[in-house]
Amino acid sequence: MVLRPLSFVRRALEAMARGPFMTAVAVGTLFVALFTTGLFAAVLGGAERLLAAWAGDVQISVYLRPDADLPAAARAAAQLAGGREVQAVPPAEALRRLRASLGPEAAVLDGVSADVLPASVEVRAPGISLAQARALAARLQAVPGAADVDFGNAWLERVEVLLRRLRWAGLALFGVLALATAVLVSNTLRLGVYARRDEIEIMKLVGATDAWVEAPFLVEGVLQGLLGGALAVAALLGLHALLAPRLAAAVGVAAPLARAEVVPPALVLALVGGGAALGLAASALAVGRFLRKP
Amino acid sequence: MASEALVQLFHVYKQYAGEGPALADATLEVGRGEFVFLTGPSGAGKSTLLKLIFCAEPATSGQLLVFGRNVAKILPRHVPPLRRAIGVVFQDFKLLPHRTVAENVAVPLEVRGLAPRDVARKVAVVLRSVGLELKAGKFPLSLSGGEQQRVAVARALVGDPALLLADEPTGNLDPDRTVEVMDLIEAANARGTTVVVATHDRSLLERYQRRVIALESGRVISDGDAFRRRAGS
């Protein structure tokens, strides 16, 4: 018996054209499943990037004792920070910043001398994790004249915990979603198989092998998955074009919301490829159960 | 009877759950090139016997050899090649309503993996032989019962099967169409195809004067010359 792959594709396309309603239901189901998954991935990824953008600009301040040598401390900090941006902040500059931050309330500082505030060395470390920030802060304790090292640990810890919870919740939700999607898609495709039970029966009675009967269904599953995935990507891109500018204006950060960031090529590939794989697996499950039922 | 047996039954039983035996202790043989009528009243076991031969159902017990292979113990993967050597005309036609006449007839050839050009050529030849060449593009439901029956015969014959099983192939036909269809089956037999026709139409048995196996309540009650003697008396 000769297998003709092109004939399977032709039969799959014919079946899709003959049963537009079932095809639409299957593609629609795959689209909803993939769009929901993609939206979830995009929102989760976007939230992580936004949080990282807000919290990732870690700044470590090394407060010095009054007798400390500021330039020497800055040099030592630069050495310990391994090339990161280091800035020496004399007491006068610290007072100026404090005034600036108080805004209209700055008058309360009138009469306060700059000597009240300690000199400090600031080390900027963008994009590092809490653990890395903690390690760097520990190293900076060795700066000559260092009295205290502060790296905003309370804020960073809260963000880290939030991100960790978000990831776990995301993983759990993704698992539930994937399972529901597989069951839903498989059941939908099983309806399509059931609608063509007479055709399957006749083909088997005239000598078709299970593989011959199954192949067009698998091709159909892949094509429907590709179509559902492509539609999901298109819908995500449309949604992004609609919402991203407004969201960027609202949160004041645009870069993490760029299209290539929110709907990256990897997500596009995952949705289209995942759609094809999902369609294939669901079809195989549906037609396999039908063919091998007692 | 021809010397080489194509179908052999040895004490075959078939019982459906909660019912009496559909076949009981059936023992018979059909030789290569033979033309055999299976006859008997409704429920005698004719259709059941055909179903066992093309592995649509398993026998409950006994041995059933088709082309020398014991189909009682056949592995599922060996069923399709066996079926491709058998043409079957079903009592209810089993045509695909959303496929054209030509597409219906082509199914057994597509299943064999024939090239589309060869499929088209063979389909055209067989449709001409059953007088349906002008209906090739029609859908089965637009045809009369007789025409649908001829499509079913064409589909059964298109693959030049070694064995043709026909279950009441003239059941829906008027006398003229009955003769047309039976002539097609007889012509296939003349070309070397072994034929088993299940029918309760006694006029067919009288007209074609072939070996007759009579069944009643699942049992073989007569085989071979018995009918001819009756018919000749």
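The values are calculated or read from the model by the stated rules, or taken from the named source; none is laboratory data. For clarity, every value in this text was computed on a predicted model and none was experimentally measured. Note: ideal-geometry Cβ built from the backbone for every residue, glycine included; neighbour counts use all protein chains shown.
Of the numbered criteria (1) outside the structural domain of A:Leu64 (by TED's automatic domain parsing); (2) at pLDDT 90 or above, the one A:Ala135 fails is (2). For B:His78, the criteria (1) within 14 Å of another protein chain (Cβ to nearest Cβ); (2) surrounded by 20 or more Cβ atoms within 10 Å (Cβ to Cβ) hold in every case but one, which is (2). If you check B:Gly87, B:Gly33, B:Gly20 for being away from every other protein chain (no Cβ under 14 Å), under 16 Å from the mean Cα position of the chain (by Cα) and among the small types (Gly, Ala, Ser), only one passes: B:Gly33. Considering (1) touching a strand residue (DSSP E or B) at 6+ places or on another chain (Cβ under 8 Å); (2) away from chain B (no Cβ under 14 Å), the lone condition that A:Leu218 does not fulfil carries the number (1).
Scanning the range B:25-53 for residues that are of a type in the set (Phe, Trp, Tyr) and out of contact with any Leu (no Cβ under 6 Å at 6 or more places or on another chain) returns a single hit, B:Phe35. Considering (1) surrounded by fewer than 19 Cβ atoms within 10 Å (Cβ to Cβ); (2) within 14 Å of chain A (Cβ to nearest Cβ), the lone condition that B:Leu163 does not fulfil carries the number (1).
Each row is one residue, and each column tells you yes or no for (1) without any contact (Cβ under 8 Å) to a residue 12 or more places away in the chain; (2) of a type in the set (Val, Ile, Thr); (3) closer than 27 Å to A:Gly207 by Cα.
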{"site": "B:Arg155", "(1), (2), (3)": "no, no, yes"}
{"site": "B:Arg177", "(1), (2), (3)": "no, no, no"}
{"site": "B:Ala188", "(1), (2), (3)": "no, no, yes"}
{"site": "B:Arg219", "(1), (2), (3)": "no, no, no"}
{"site": "B:Ser222", "(1), (2), (3)": "yes, no, no"}
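State whether the residues of the range B:98-111 include one that is touching a residue at least 24 places away in the same chain (Cβ under 8 Å), closer than 30 Å to B:Leu215 by Cβ and away from every other protein chain (no Cβ under 13 Å). Within the range B:98-111, not a single residue is touching a residue at least 24 places away in the same chain (Cβ under 8 Å), closer than 30 Å to B:Leu215 by Cβ and away from every other protein chain (no Cβ under 13 Å). Considering A:Ala277, A:Ala282, the condition of being under 18 Å from A:Thr23 (Cα atoms), out of contact with any strand residue (DSSP E or B) (no Cβ under 9 Å at 6 or more places or on another chain) and surrounded by fewer than 19 Cβ atoms within 10 Å (Cβ to Cβ) is satisfied by A:Ala277 alone.
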